[in-house]
Amino acid sequence: MKPLILIVDDTPRNLQLLGGILSEQGYEISFAQSGASALNILQNISPDLILLDVMMPEMDGYELCEKILKDKRNEAIPVLFLTAKVESEDVLRGFDAGGVDYITKPFQAKELLARIHTQIELKKSKDILRNFHDRVSDELEKARAIQESIIKVDNIDNSKFKIHNYYKPADEIGGDFIFTHWSESGKRLDLFFGDVSGHGIGSAMVGAMSVLAFKNAVNKYESPAESLHFINESLMPLIKDFHISCVYFSFFPTEKKIFYSYGGHPSIYIVKGNELIELAGVGSLLLFPQIKSFTNYEAIQEDIDGVLMFSDGMYEFYDENKRLVDQDSFLKIVTDLLPVKDGSNFLNSIAENTLESSNQKIQDDMSMLFLEIL
């Protein structure tokens, strides 16, 4: 498609001269003899460039340029001024009005064409970048929707427990995931909590694939270790250059039984009054071909307030003195907020204290889950 140039000049001879030169070079041309006429024409066309005479009656070129570029539809159109004035303050006024360049009268055809060609090529490049940015923004929006779907905590109506979660990504899209499944029999709650290496769209996609694998595993296997093995084997042929730390946690409310398996993730903690009690265990990261070790652990927990899980983004950051905060420092923040009176407020308070320690600078995705035992 030929580039379209709008020429705005109140002198017919100038329109004829400019139109002839540009038409010979293969440009499409549109004409306006006044500011008002130019504004009307711009309601129907979007030129690739505007050649604008400065000296016109009723509305000069500077005023017209400002009005043209104030309209969001026109803000990307380059405006070249045609002027007999070459004083520095006139040139600066043209740039202040939004012009990108100026051509002095009487003009040389070669200079005119060179400047026009430069600005049109620049506009093409900016249009390509703008379209790319729009596509990326659209893809980010889709990825964000996927991310929201994998930070999914169902509102399960149960008199014996309540689930609370907190999530704050380091970038627009994160790599952490939290997913729950309440068995049809109403006897078992399964939680899949994890962290994909890195963050961004790639990590979000891996997180989504992990949740799909969990949904396939949850009705096939009784034990968390078997489920983690299945998830790992399902993802291994599909995913490269990522690894996943996670925990598969099953809770049987009637028996107060906890059944879990680690996949290279930070420990789960039992909350009991003013105490944090670590649930021991080890397990390998997912997507490490050389190491595939998952073990079941079981515990009966009476008279507890809840179970806390968190990602390493909650404590792997630098404080205001540029010291790396460790897990012990984070656990002290948690302990200082015990006992738990409300699960949601508990997680929000942990997050507020952690962010205060990091000067509100997030260096990794931050996620927590608290299973409140009623």
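The values are calculated or read from the model by the stated rules, or taken from the named source; none is laboratory data. The structure presented is a predicted model; accordingly, all values stated were derived computationally and were not measured. Counting neighbours? That spans all protein chains shown, and the Cβs are built from the backbone with ideal geometry, glycine included.
Test of understanding: among LEU52, LEU17, LEU64, which residue is aliphatic (A, V, I, L, M) and out of contact with any helix residue (DSSP H, G or I) (no Cβ under 6 Å at 6 or more places or on another chain)?
LEU17
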**Request:** For region 74-81, indicate whether the set of residues that are more than 19 Å from LEU18 (Cβ to Cβ), loosely packed, with under 13 Cβ neighbours inside 10 Å, touching a helix residue (DSSP H, G or I) at 6+ places or on another chain (Cβ under 8 Å) and in the same structural domain as GLY35 (by TED's automatic domain parsing) is non-empty.
**Result:** yes
**Message:** When you scan region 335-353, do you find a residue that is closer than 18 Å to VAL247 by Cα and either assigned to a strand (DSSP E or B) or touching a strand residue (DSSP E or B) at 6+ places or on another chain (Cβ under 8 Å) (or both), even just one?
**Reply:** no
**Request:** Report, by residue number, each residue of region 209-221 that is over 15 Å from PHE193 (Cβ atoms), surrounded by fewer than 16 Cβ atoms within 10 Å (Cβ to Cβ) and at pLDDT 90 or above.
**Result:** LEU212, ASN216, LYS220
**Prompt:** Out of all the residues in region 65-111, which are touching a Cys at 6+ places or on another chain (Cβ under 8 Å) and at negative phi?
**Reply:** VAL79, PHE81, GLY94, ALA97, GLY99
**Request:** Search region 299-311 for residues that are of a type in the set (D, E, K, R) and pair each with any residue that is crowded, with 24+ Cβ neighbours inside 10 Å and part of a strand (DSSP E or B) when their beta-carbon atoms are under 7 Å apart and the residues are at least 6 apart or on different chains.
**Result:** ASP305/VAL271
**Asked** Is it true that some residue in region 311-318 is at pLDDT 95 or above and not polar (S, T, N, Q)?
**Response** no
**Prompt:** So, in region 272-318, of the ones that are among the aromatic types (Phe, Trp, Tyr) and in contact with a Phe, Trp or Tyr (Cβ under 7 Å, 6 or more places away or on another chain), which residue ends up surrounded by the fewest Cβ atoms within 10 Å (Cβ to Cβ)?
**Reply:** TYR297
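Condition first: among the acidic types (Asp, Glu), assigned by TED's automatic domain parsing to the domain that holds TYR262, in contact with a strand residue (DSSP E or B) (Cβ under 8 Å, 6 or more places away or on another chain) and touching a residue at least 12 places away in the same chain (Cβ under 8 Å). Can you find one or more residues in region 277-294 that meet it?
Applying the first criterion (among the acidic types (Asp, Glu)) to region 277-294 yields 278.
Narrowing the set further to residues that are assigned by TED's automatic domain parsing to the domain that holds TYR262 leaves 278.
Next, only the ones that are in contact with a strand residue (DSSP E or B) (Cβ under 8 Å, 6 or more places away or on another chain) stay: 278.
Keeping just the survivors that are touching a residue at least 12 places away in the same chain (Cβ under 8 Å) gives none.
Checking region 277-294: not a single residue is among the acidic types (Asp, Glu), assigned by TED's automatic domain parsing to the domain that holds TYR262, in contact with a strand residue (DSSP E or B) (Cβ under 8 Å, 6 or more places away or on another chain) and touching a residue at least 12 places away in the same chain (Cβ under 8 Å).
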**Asked** If you go through region 83-97 one residue at a time, do you hit one that is of a type outside the set (D, E, K, R), surrounded by 13 or more Cβ atoms within 10 Å (Cβ to Cβ) and not in a helix (DSSP H, G or I)?
**Response** yes
**Message:** Just to be sure before I move on: is LEU347 at pLDDT 95 or above and under 16 Å from SER311 (Cα atoms) in the structure I sent?
**Reply:** yes
**Item:** Positions within region 301-315 being of a type in the set (A, V, I, L, M, F, W, C) and more than 17 Å from LEU191 (Cα to Cα), in sequence order
**Value:** ILE304, MET314
**Fill in**
Out of (1) in a helix (DSSP H, G or I); (2) in contact with a Lys or Arg (Cβ under 7 Å, 6 or more places away or on another chain); (3) of a type in the set (A, V, I, L, M, F, W, C), the one ILE128 does not meet is (2)
